[in-house]
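The values are calculated or read from the model by the stated rules, or taken from the named source; none is laboratory data. Keep in mind it's a predicted model, so treat the numbers as computed, not measured. Every residue, glycine among them, receives a Cβ derived from its backbone with ideal geometry; neighbour counts consider all protein chains shown. To get the accessible areas, we keep the full protein, side chains included, count just its heavy atoms, and leave off ligands, DNA and RNA. Shrake-Rupley method; radii C 1.70, N 1.55, O 1.52, S 1.80 Å.
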Amino acid sequence: MADIISVLQRHYIEICEGVFMESSWRKNIETELDFCHQVLWKYGSDGEACTRLGAIIGNGTKREVEALAGYGRRSCYVSRLAEEVKDTLHLEGDLLRRLECESVPLPLLYAAKVSKENSLKLKSILEGPITSSDIETLLEICFDSKAFDYVRDVAQKNVDEGIKLLQTLKPSKARSLLTLMIENVFPDFF
């Protein structure tokens, strides 16, 4: 029981830290990429907590618990990366609200880091009321700077690491399904 309580305590603390950290990057195109990744990684604590608790309750060995916890963290992190791309692509119409009230999505932060020109364009757009033509410009900047490729590469690295962790477990239907799940967390948007 003490292990379960400890896992939940760490999870809640990490989520609170992530929320606090993210609040400093609202409407801030100057946010460092590493900082953004740290926040997204912290938000992956829910996946780690769930898989760690499942392994503990299922009487997993220390090695199995750690492998599943690492898998869960990476799976949720990759899911957060997919959300960053989805928001930037404006697939569900959330980009305007996000830019006005929340943190700047990772692909836009990356695009701003690629060139001073991109950074100035993005700052200019974020300072005023954002129009539909501004959204088109944001997307063009992201595609031109290969921002989506960058996020996809980070996601793929974590998918590969998650699969590697799963390979330390005995072959089973569950391991095969977990592998299939993480392989499909980051959809091919483009």
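Data for the structure
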quantity: Ordering of 22-34, 39-51, 158-170 by burial proxy (mean other Cβ atoms within 10 Å per residue, highest first); calculated: 39-51, 158-170, 22-34
quantity: Length added when fully stretched, PHE35-LEU8, from 0.36 nm per residue minus Cα-Cα; calculated: 7.3 nm
quantity: Computed accessible area, PHE35, all protein chains, 1.4 angstrom probe, square angstrom; calculated: 60 Å²
quantity: The chain: angle of helix 33-43 to the longest principal axis, Cα-based, in degrees nearest 10; calculated: 40 degrees
quantity: Value at 222 nm in deg cm²/dmol, rounded to 500, when DSSP H runs of n ≥ 4 in the chain each add -39,500 (n - 2.57); calculated: -25000 deg cm²/dmol
quantity: Equivalent ellipsoid semi-axes, segment 89-157, via Cα gyration tensor eigenvalues times 5, rooted, Å; calculated: 19, 15, 10
quantity: Total lysine pairs whose alpha carbons fall under 24 Å of each other in segment 108-190 (8 or more apart, or interchain); calculated: 11
quantity: Calculated diffusion of the chain, Stokes-Einstein form, Kirkwood radius summed over Cα pairs, 25 °C and 0.890 mPa s, µm²/s; calculated: 139 µm²/s
quantity: Sequence-distant residues sharing a close amide H with ARG26 (under 5 Å, placed H); calculated: none
